[in-house]
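Contents: one structure, followed by commentary.
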Amino acid sequence: MEFKRVERQGVIVYLKHLKQSKQLRKFGTIHYVSRKMKYVLIYMNAEDVNEALHKLKSMKKFVSKVEISPRKEIDKDLEQVRGTARENLEDFD
């Protein structure tokens, strides 16, 4: 049995009230809910993101802002960061 790998995308939804956070389950998997900053991190299939963003932005009663997670754009290669940090430390000495 072979499983197909599905690309997932994180979406950050800022809410006016956290009571409605359970309604967001229909869009994907709720990964994290911040009570202090009033946002929900949802993971959903990457092919469904554009349609879901449209629907989430139309829920103006309790959604204040919607953003796509920048995790894919972040460089995961830390060797370059370590090298520049060492160079900066050597220059400092």
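Kindly indicate the residue of the range 21-68 that is among the aliphatic types (A, V, I, L, M) and part of a loop (DSSP other than H, G, I, E, B) and also modelled with the lowest pLDDT among those meeting that condition. If we take residues in the range 21-68 being among the aliphatic types (A, V, I, L, M) and part of a loop (DSSP other than H, G, I, E, B), then MET59 is modelled with the lowest pLDDT. Restricting attention to the range 1-20, the residues being assigned to a strand (DSSP E or B) and either of a type in the set (A, V, I, L, M) or open to solvent by less than 40 Å² (accessible area, probe 1.4 Å) (or both) number 6.
Identify, please: which residue in the range 31-41 is under 15 Å from MET59 (Cβ atoms) and either touching a Leu at 6+ places or on another chain (Cβ under 6 Å) or in contact (Cβ under 8 Å) with a residue 40 or more places away in the chain (or both) and is, among those, most open to solvent (accessible area, probe 1.4 Å)? This residue is LYS38.
The values are calculated or read from the model by the stated rules, or taken from the named source; none is laboratory data. Small disclaimer: the values here were computed from a predicted structure and weren't measured. All Cβ positions, even for glycine, are placed from backbone atoms using ideal geometry, and neighbour counts span all protein chains on display. These area figures cover heavy atoms from the full protein model, side chains too; ligands, DNA and RNA do not enter into them. Shrake-Rupley method; radii C 1.70, N 1.55, O 1.52, S 1.80 Å.
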